[in-house]
Each structure stands twice: as C-alpha cells, then as structure tokens.
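Read the structure below first, then the notes.
The values are calculated or read from the model by the stated rules, or taken from the named source; none is laboratory data. Keep in mind that what you see is a predicted model, and the values were worked out from it rather than measured. Every residue, glycine as well, gets a Cβ built from its backbone with ideal geometry; the counts of neighbours run over all protein chains shown.
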Amino acid sequence: MTTSPIERAAESFAAELARHRTERGLSKKQLATLMGFDPSYVSHVEGRRHRPTEDFARRAEAVLEASGAIWQRFREYDELRHGRSATPARDHPAPGQWMPPGTGLIVEREQAVLTHTDDAYHCLIRRELYNAGTEPVTRYLVRVAVDRYPNDPGRSNRHHREHPLTFAELQLRAHRDDGGGQPEPMHWRAKHDRDAFKEIWLLFENDEGRFPLYPGDRVTIEYAYQVGREKWGPWFQRAVRLPTRHLAVRLDLPAELDPQVWGLETSLSAEEGPLRRPVVRHDRADRAVFDWATEDPPLNARYRLQWRFRSRPPDSDPGGPAGVARVRASDRMRGLGIVQRGADLLRQPSRQFDLPAEEGIAREVVERLGSALVRLDELHPFSKGVGIAAPQLGLAWAAAVVRPPDRAAEPVVLLNPRVVDSSPETDEQYEGCLSFFDHRGLVPRPLRIDVEHAQWDGTRLITSFEFAMARLVAHEVDHLEGRLYVDRMTPGVPLVPVEEYRETGTPWRY
C-alpha cells in the first residue's frame, strides 16, 4: 500500500520520537508528564492518531535532548503539510530549552557565591535572564531560606522561632545591568515573611522610573544579602525553578577551619544522590574555595552543597557545622509536628465530619495536612507516594491527604472514608509510616480497594484504587480507624530498621 509524502513524514517523526524516548528509558506516560501533556498524548502521537504540532515538537526536542533530530523531522513534516519544499537541517536550528506553560523567562547563566566571614554568611547571586515569552517582565521572585540545624528539625524550628530571620538583617540589595551603562538599582517588595523563610519580589523599577524586561531582551540581575552565622546552617542549596542553561555555585570558606565539602542532588525523576560532577577545591591564601557547575539542569532539580569544619572541636556545637550527633528518623518527623507511635490519639477512631455544616473545619484540617506534605518534601524524598492522616498532626478528625507516586497527579483528599470492598488478590510490600519512621515492615494489602468518602457538600461517592494507590489509601484509612501498619503484618515477620532497609527510593513492584 502506498502512502503520501506527508504520511511518510509523520511516520518518520513518530519513529524519531519513539527512538529517543526509548533510549532515555521513558514510558509514553512519563514523557508526556515531563512535557506537560495529558498522559495519553504521546501514545496518540506515536500511534499517529494525533498529528504533531510545533509546540509538541519543541517540548519533545528539549526534554529528550535529541540534538535537533526530532525538531528536524517535525520541520520536514510541517513543510510538506503546508506545501513547501523541505530545506536542509542546517536551515532549522533546534529550538532552545522548552519552558513550561506560563513561563517566559530563561536563566541563561546563574552564578551563586556564598562567603563565610567571622560574623556572617554573605550570598551573591548573579543571573543572566532572557525573556522568551510574549509579555514584559516587571518583577522577579527570589527566596531566602535558613535552617540552623538541618539534622535536627525540632531544634532548628525552636531556634528560628526564638531568633527569626528579619528583612532588616538581610540588607538586601539588587540591581539590573544591561551591560551598556550604569547598573540600575532595583526596588524590592516582600511576598512572604516567616521565621526561617523569605520570599521577595525584585522589581524592575526604582525611584527614577521603570525598566521592564521586554520579550526578546536580555538582562543581568544581581542581588546580595547576608545572614548571621548563628542562623545559617552548614548547607547551601540551589533550586531550578526556571529553565536554566548553566548553573555554577561557589563556596568561599576560611582555610583555617579545614572545611570538607560534599554535595547532593535530587529531581522529579531521581532520588537524592551524590552530585554527578565533583566539587573542585582551590586554595587561595587563607581561603578554601569550592566550585561546582552543571549544564542544562532539569526543572525542579535541587543541588545542595554541605560542609563541616574539621578543625573545630566536635563538642563546640553538637548540632551545628562541626560533627553532628546522629538524629533518628523519627526525631526528624517529631520535629515537623508528626505524632509518633505510642500516642493515644493514634489508637482511637477519628471523629466524622458533619458535612456540609462543618465544611469550614474540614477545609482547615485538609489545608494543614497539605502544608505538612510540603514540609515533608523538604526533608525526605517519597518516590512511592506519601499520605498523612489528621491524627498524625494531633487532629482527631476523619481526614487524610494522599499524594500519588506520580507527582504530576493531584493529591487525593479523603473525608470520612471507609473501605466498602476489596479484591481477594493481595501482595506484600514494605511500608513505612511517618509516625513510625525508624522502621519498615512487610505488609499484605489488597491489590484493589473501593472507598466510600464524602465531598465538601456532604454527598458521598465511591472511588476505586489499585496497586500503589490502594496501598497508600488503605494505610491512611487504617490511621483514621486507630490502626498502624504493624497491625496488618504477618505474625513473626520482623521489622527492618531504616538503616538496614535497602529499597528506599525504589517504587513498589506490581
């Protein structure tokens, strides 16, 4: 059977897409999620049920880093579709890094320098920005976060409550540099003000006027702040929140303290692990300078440099930068306000909401559960998904929030839930619990459960959950009925200390 040139071009595009996706080890659903599309969209394009679009080709090219191959196949298809003659590949350079919808800025280069002095840490951030969007940019969001004792959240929270970070001490200053004249100072405005966390809008304006960053323009912005040594912990983290081409980090530390530096990285597709590129040390007079850089870091990746000072006596600050006493996993959870095993509340059935009369209370409880999950994400990677029930926050209400293993999916809110049916087929997988985080246990669960639960207006519905979500939801429903996962374990099967557990970061197998 013969096919037209345009059909052959569409087949060539689909084949190129499938080849690069397979080489990257991604499923169609995983690629669609990374590109910001519906989970079935890639499958439809590869199956030629949907025609490729320019936006789809740009995203696929950038996410799969196909060196222009996917983009060229699209251009060949697109020219035939519009009745134009195909032109050589060199006439169609591959597009730059794809940006998520709604994002117009690209960080072409970021250089972050943290300098340790006798009384403070001084941070200098320099970013080269390009507005690839369609609207002028009038402000830029920056974040400042401190954590004095990162291995002891409870102690750190208490410390920052007693000694909160203030805007006054930051002495924040910022300017815009077009490279052709005097740098323009930038005004700033506070967005969020918390004890250990600040969000700040840098404004493209000052007393002399406004200077928006227009589409197609480039600019360099630079901002600096300082934090006293008594509030800064032994770490410096950079998070990739905008498409970024080059990221460089430098630590400038006193050589006399004999610093040791290492790094960790994590992303949406990989658990926390060592930096893929080593940190390089350069000694300069009385300073030890540590440099690290990466090209094209993925969106939402986090890179954290950590250090300790080996010349400082280990008992000078047992929770600080010198040697840190080992903190149990359960203590870290307790520091975040998670009720631990042994508390009476975890063994009591939760109180049902009277909906819709108590809708306001229910929404407040669910908001607190969601906020707790955000805090937990900063502390521990949860590749299997994670859930939290109201009793674990000391709230005796029948509410739970479950975040699926697929981070792109919306969390599931459960109000007054109860399991009404389950499949006879079961399997055993290791589970952990925020309220019992020092151990893991092998727990049998049904492969499918049907859960009746309430909506905000009091109406009830039944939702069916399978495999990983069935396990996560069943675990949280147990909490609301006063059970822990140890109650479900087969008698005689031992718990595994978390230090010996080898499957952290490994998805459940189904």
Problem set entry | Of residues in segment 389-431 being touching a Gly at 6+ places or on another chain (Cβ under 8 Å) and among the small types (G, A, S), the one farthest from L480 (Cα to Cα) | G394
Exercise. Somewhere in segment 164-174, is a residue charged (D, E, K, R), surrounded by 16 or more Cβ atoms within 10 Å (Cβ to Cβ), out of contact with any helix residue (DSSP H, G or I) (no Cβ under 7 Å at 6 or more places or on another chain) and not assigned by TED's automatic domain parsing to the domain that holds L34?
Worked result: no
Exercise. Do we have any residue at all in segment 267-278 that's under 14 Å from V240 (Cα atoms), outside any loop (DSSP other than H, G, I, E, B) and modelled with pLDDT under 85?
Worked result: yes
Problem set entry | Every pair of residues 6+ apart whose Cβ atoms lie under 6 Å, when the first sits in segment 24-50 and is closer than 12 Å to A408 by Cα while the second is of a type in the set (A, V, I, L, M) | L31/V42; A32/V42; T33/A408; L34/V63; M35/V63; P39/A32
For this session: State which residue is surrounded by the fewest Cβ atoms within 10 Å (Cβ to Cβ) when the search covers only segment 1-23 and only residues that are at pLDDT below 85 and of a type in the set (S, T, N, Q).
Result: T2
For this session: Could you please let me know if M469 is in contact (Cβ under 8 Å) with a residue 60 or more places away in the chain and aliphatic (A, V, I, L, M)?
Result: yes
Exercise. For segment 295-305, what are the residues that are part of a strand (DSSP E or B) and surrounded by 19 or more Cβ atoms within 10 Å (Cβ to Cβ)?
Worked result: Y303, L305
Problem set entry | Lone qualifier among D177, D193 - being surrounded by 14 or more Cβ atoms within 10 Å (Cβ to Cβ) and of a type in the set (D, E, K, R) | D177
Problem set entry | Odd one out for R161, checked against (1) surrounded by 14 or more Cβ atoms within 10 Å (Cβ to Cβ); (2) in a helix (DSSP H, G or I) | (1)
Exercise. Among all residue pairs at least 6 apart or on different chains, which show Cβ distances below 7 Å where the first residue, located in segment 420-436, is more than 23 Å from L393 (Cα to Cα) and in contact (Cβ under 8 Å) with a residue 12 or more places away in the chain and the second is assigned to a loop (DSSP other than H, G, I, E, B) and of a type in the set (A, V, I, L, M, F, W, C)?
Worked result: S423/L447; E425/L447; T426/L447; D427/L447; Q429/W508
Problem set entry | Given (1) outside any loop (DSSP other than H, G, I, E, B); (2) of a type in the set (A, V, I, L, M, F, W, C); (3) at pLDDT 95 or above, number of the condition M333 does not satisfy | (3)
Problem set entry | Members of segment 455-481 that are in contact with a Leu (Cβ under 7 Å, 6 or more places away or on another chain), of a type in the set (G, A, S) and modelled with pLDDT of 95 or more | A470
For this session: Kindly provide the set of residues from segment 222-250 that are among the aliphatic types (A, V, I, L, M) and either within 22 Å of P298 (Cα to Cα) or in contact with a Ser or Thr (Cβ under 8 Å, 6 or more places away or on another chain) (or both), ordered by number.
Result: A239, V240, L242, L247, A248, V249
Seminar exercise, completed: Selection over segment 134-158 where residues are part of a strand (DSSP E or B) and among the hydroxyl-bearing types (S, T, Y) yields a count of 1
Problem set entry | Enumeration of residues in segment 248-291 that are in contact with a Gly (Cβ under 6 Å, 6 or more places away or on another chain) and of a type in the set (D, E) | E271
Seminar exercise, completed: I125 passes all but one of the listed conditions (1) at pLDDT 80 or above; (2) on the phi > 0 side of the Ramachandran plot; the exception is number (2)
For this session: Report whether or not V219 is among the β-branched types (V, I, T) and out of contact with any Phe, Trp or Tyr (no Cβ under 8 Å at 6 or more places or on another chain).
Result: yes
Problem set entry | Meets criteria (surrounded by 15 or more Cβ atoms within 10 Å (Cβ to Cβ), in the same structural domain as L379 (by TED's automatic domain parsing) and within 26 Å of G337 (Cα to Cα)) for R403 | yes
Seminar exercise, completed: For segment 122-140, pairs from a residue that is within 19 Å of A239 (Cα to Cα) to a residue that is of a type in the set (G, A, S) and assigned to a strand (DSSP E or B), with Cβ under 6 Å and 6 or more apart or across chains, are L124/A224; I125/A112
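Each row is one residue, and each column tells you yes or no for (1) in the same structural domain as G385 (by TED's automatic domain parsing); (2) over 27 Å from S330 (Cβ atoms); (3) touching a Pro at 6+ places or on another chain (Cβ under 8 Å); (4) not hydroxyl-bearing (S, T, Y).
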residue	(1), (2), (3), (4)
L414	yes, no, no, yes
D421	yes, yes, no, yes
T426	yes, yes, yes, no
Y430	yes, no, no, no
C433	yes, no, no, yes
F437	yes, no, no, yes
L442	yes, no, no, yes
I449	yes, yes, no, yes
Exercise. Tell me, which helices (runs of 4 or more DSSP H) lie completely within segment 1-87 with 3 or more residues that are more than 24 Å from G133 (Cα to Cα)?
Worked result: 5-23, 28-35, 41-46, 69-81
Problem set entry | Near pairs, Cβ below 7 angstrom, 6+ apart or cross-chain, from segment 163-185 (at pLDDT below 90) to any residue that is surrounded by fewer than 16 Cβ atoms within 10 Å (Cβ to Cβ) and outside any strand (DSSP E or B) | H163/E230; D177/P183
Exercise. Can you tell me which of H479, H453 is in a strand (DSSP E or B) and buried (at least 16 other Cβ atoms within 10 Å of the Cβ)?
Worked result: H453
